[in-house]
């Protein structure tokens, strides 16, 4: 009963697998969350910048939407989960307009990898990410 010959390799493999599998999954999940986080931040930043460079409100809306769709596609974000909100300061003027501070917030939900869609587990195991960007509109924006 005191002979331990040959059992170290088996113990190492068993403990290694028990510890390694969750660690690998954690790395994969954190990578997916980080990618989506960078995506929503880039979508907010580039969209509001495109709006600020547009000559008027109609062009700002179309340019901002085009840039938003492009960044969402580039980062592989599910368009169904994306929510966009825009606010302006001061609040008593039309948004966007000349001289205001535009805040664009983009949020999405990241589904964790390898979670089955049985009983809605994939939706329950989703993580919300949000990115926001602020841009000062020119005093002469929309004037010409």
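Bear in mind that the values in this text are calculations on the coordinates, not laboratory data. In this text the structure is predicted, and so the values were computed from the model without any measurement. No Cβ is skipped: glycine too gets one built from the backbone with ideal geometry, and neighbour counts run over all protein chains shown.
Assorted remarks:
- Compared with the dominant principal axis of the Cα atoms in the chain, helix 7-53 is inclined by about 0°.
- Each label was represented as a point 7 Å from its Cα along the Cα-to-Cβ direction; for residue 80 and residue 38 these points are 2.6 nm apart.
- Peptides 38-45, 90-97, 66-73 ordered by packing proxy, namely the average of other Cβ atoms within 10 Å per residue, highest first: 38-45, 66-73, 90-97.
- The angle separating the long axis of helix 57-75 from the principal Cα axis of greatest extent in the chain is about 10 degrees.
- Length gained when the stretch residue 11-residue 93 is fully extended (0.36 nm per residue, less Cα-Cα span): 22.6 nm
- Full extension of the chain segment joining residue 114 with residue 27 gains 30.0 nm, where the gain is 0.36 nm per residue of separation less the Cα-Cα distance.
- Which labelled figure in [x] 182; [y] 200; [z] 150 is volume of the Cα convex hull per residue in Å³, once derived from the coordinates: [z]
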